[in-house]
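What follows is a single structure, written as structure tokens, with notes after it.
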Amino acid sequence: MAELSSVNTQLNSQSLYFAATQAASQQLAQQAKKTEKKQKTSFASSLSAHQERAQLLSEGLPLELAGMTDEEAVVFLKDQMDMAGDELKARQDLASMENYRKKVGHFMKFIVKNNFEFIKKKRFGRNRKGRPVDPYCQVQIIDQKLNQLAAEMLILHGSNLRLLAKLEEINGLVVDLLAE
């Protein structure tokens with residue numbers, strides 16, 4: 001009987017050993033699947049981030065907008081434009097003026113890209129001369145609040161923009177003088 005209980009405990013210890021080994025191997029396999037899945041998603045996310053940065057570059061927008069929502073991007077661009085405007089008020093030199101002009105351009109490009117939609121509707125029929133009728137074109141404002149923000153920003157920065165317009169006019173006159 002003592003032999004039977006020692007054999008029984010030996011079998012139990014061996015079964016516990018094999019059960020623990022099996023559980024460890026299953027856990028290792030699950031971790032391997034998770035890391036493989038994580039690597040796949042990280043590649044996909046890095047690829048989409050790279051495509052987003054390439055699109056921003058092609059549109060002439062700053063790379064800092066990558067990964068931001070539209071609201072975050074508008075706030076970021078507005079803050080950049082405000083800081084550049086304050087810098088222009090403090091130091092009226094060529095570098096601060098070019099920086100301000102660039103920031104205003106980024107803000108306006110983003111507003112136009114994300115807030116306006118150009119719809120071209122085909123019209124049927126012919127005009128008096130027998131030619132096809134030109135299509136009907138319409139510009140729709142997608143986000144009215146964003147449009148109001150853009151209008152307010154242009155009003156707030158009106159003096160700086162007028163200063164830039166005068167400087168561009170002077171630069172144009174200088175170029176005309178040099179051309180003659």
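Summary of computed values
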read-out: Unique match (being closer than 30 Å to residue 150 by Cβ, at pLDDT 80 or above and out of contact with any helix residue (DSSP H, G or I) (no Cβ under 8 Å at 6 or more places or on another chain)) among 59, 72; value: 72
read-out: Count - residues of the stretch 57-72 that are part of a helix (DSSP H, G or I) and either within 19 Å of residue 45 (Cα to Cα) or in contact (Cβ under 8 Å) with a residue 12 or more places away in the chain (or both); value: 6
read-out: Exclusive hit being surrounded by fewer than 14 Cβ atoms within 10 Å (Cβ to Cβ), farther than 25 Å from residue 156 by Cβ, touching a Lys or Arg at 6+ places or on another chain (Cβ under 7 Å) and of a type in the set (A, V, I, L, M), set 57, 47, 63; value: 63
read-out: Residue match in the stretch 111-122 (condition: at pLDDT 80 or above and assigned to a strand (DSSP E or B)); value: no
read-out: Any hit, the stretch 73-87, residues being touching a residue at least 12 places away in the same chain (Cβ under 8 Å), over 23 Å from the mean Cα position of the chain (by Cα) and either over 30 Å from residue 168 (Cβ atoms) or surrounded by fewer than 17 Cβ atoms within 10 Å (Cβ to Cβ) (or both); value: no
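The values are calculated or read from the model by the stated rules, or taken from the named source; none is laboratory data. On a predicted model such as this, the values are computed, not experimentally measured, just so you know. With ideal geometry, Cβ positions are generated from the backbone for all residues, glycine too; neighbour counts draw on all protein chains shown.
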